[in-house]
1. Between A99 and E76, what FRET efficiency comes out of the Förster formula 1/(1 + (r/R0)^6) with R0 = 22 Å and r the beta carbon distance, rounded to 0.05?
2. Tell me the label-point distance for the pair K138, E276, using the 7 Å Cα-to-Cβ offset, in nm and rounded to one decimal.
3. What does the charge count near R256 come to, summing +1 for each Lys or Arg and -1 for each Asp or Glu among other residues with Cβ under 11 Å from its Cβ?
4. Which residues in the stretch 289-318 have a backbone N closer than 14 Å to a point placed 7 Å from the Cα of D268 along the Cα-to-Cβ line?
5. Once you put a point 7 Å from the Cα of L121 and another 7 Å from the Cα of R306, both along the Cβ direction, what distance in nm separates them?
6. Would you order W147, W89 from fewest to most other beta-carbon atoms within 10 Å of each residue's own beta-carbon?
7. Ranking R240, R79 by Cβ neighbours within 10 Å, fewest first, what do you get?
8. Counting other beta carbons within 10 Å of each residue's own, what order do V269, V298 fall into, fewest first?
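Values quoted throughout were computed directly from the atomic coordinates according to the rules given, and no laboratory measurement underlies them. Every value quoted in this text rests on a predicted model; they were computed, and no experiment measured them. Note that we place each Cβ from the backbone using ideal geometry, even for glycine, and neighbour counts take in every protein chain shown.
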Amino acid sequence: MTLYKITPLKPGLFFSPSVALFSLMSLLLCLSLSGFATAKSSTYEIKVLGGEIEKTIEYFKSKIFWGPESHDKDLEVPRTILTVTSKRWQKESQKVTVAVKKELFYRAIAPLVLLANELILEERQKLVAFNETLSKGKTLSTEKQDWLQSIAQQYGLQDVASLEEQVDSLLERVDAIPPSLALGQAAYESGYGTSRFAVEGNALFGQWTFKGDGMKPKEHRASKGNYGVAAYDWPFDSVRSYMQNLNTHSAYQKLRDKRSSLRKLKKDVTGLALVETLDKYSERGMEYVKTLASIINVNGLAITDRASLVDEPTTLIVGVGDVSKIKETETKIGELRASGELDRIIKSMHLEGKN
């Protein structure tokens with residue numbers, strides 16, 4: 001669990017499970033399947049799934065995106081997005097082997113990590129272009145400068161003397177987090193999605209907040225202040241906040257320095273290359289680093305550092321525990337779509353970024 005205050009992105013709209021969502025937040029489990037139907041909302045495909053965990057395993061196997069490492073082809077991951085963690089997973093995960101539990105978790109979280117990195121790298125690409133423009137002695141348009149200032153504010157670098165320095169500093173912060181590192185930490189911090197914080201607040205990385213609105217640990221230590229574990233509307237918010245934290249907080253300057261150095265040397269930025277810089281993420285210090293490195297190695301997560309999302313529409317999974325509820329769920333989703341509420345809900349997930 002991190003000891004440092006996070007710098008969260010602006011929170012998305014909160015939707016109570018008792019209103020417009022038809023508990024959509026509690027239904028989008030991505031953890032059950034026996035039959036499914038497909039619906040569309042804008043560019044997003046929605047699958048309604050129902051049944052036991054064995055069918056989930058069949059579904060993931062059908063996607064075929066987690067196989068043996070190949071030297072001639074990088075891993076490709078479907079754009080299948082987990083939109084809530086579930087109490088049901090706490091029970092269902094006890095019915096399968098540890099190996100299957102891990103595999104399901106990594107397959108569910110990998111697309112979130114890759115999508116978050118994809119959005120960051122889109123911003124980085126713009127910054128690289130700005131850097132090239134400024135290095136040639138040219139100026140940026142007003143529109144580009146406005147965008148630059150919004151990103152600088154987001155990354156805590158608005159008070160910089162010149163545009164050149166600002167862009168240069170941003171390039172050290174606006175960069176991807178190795179997926180193997182993110183997956184390893186998510187597994188460790190959330191107990192493979194079964195922790196109370198993951199279930200109650202979609203919190204995958206155990207990040208602390210001192211605003212007084214965090215989820216209180218059962219063994220709260222008053223000496224640490226008014227802290228709690230930050231909760232999120234969606235798991236994707238948790239992933240983006242985690243990356244924002246590593247990319248901005250002073251505690252992780254070593255990570256950013258090492259990543260920047262590897263970039264300049266044109267070397268691969270991998271989870272194992274950066275893991276030693278996370279000694280301040282946990283009170284366990286270097287023991288935490290050793291544990292995290294072991295998780296990455298034992299579970300073969302390094303393959304994800306060269307992974308990318310398939311160029312296809314994003315699929316959102318609506319899971320229901322009872323197969324008989326599929327029709328009812330489809331009907332309710334249809335009503336939400338017709339009213340425009342479904343598009344508003346999906347927009348709140350910020351799957352296409354916030355800028």
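1. Here the calculated transfer efficiency is 0.50.
2. 4.1 nm
3. +2
4. 297, 300-308
5. Each label point lies 7 Å from its Cα, and together they span 1.4 nm.
6. W147, W89
7. Sorted ascending by nearby Cβ count, the order is R79, R240.
8. By the 10 Å Cβ count, ascending, the order reads V298, V269.
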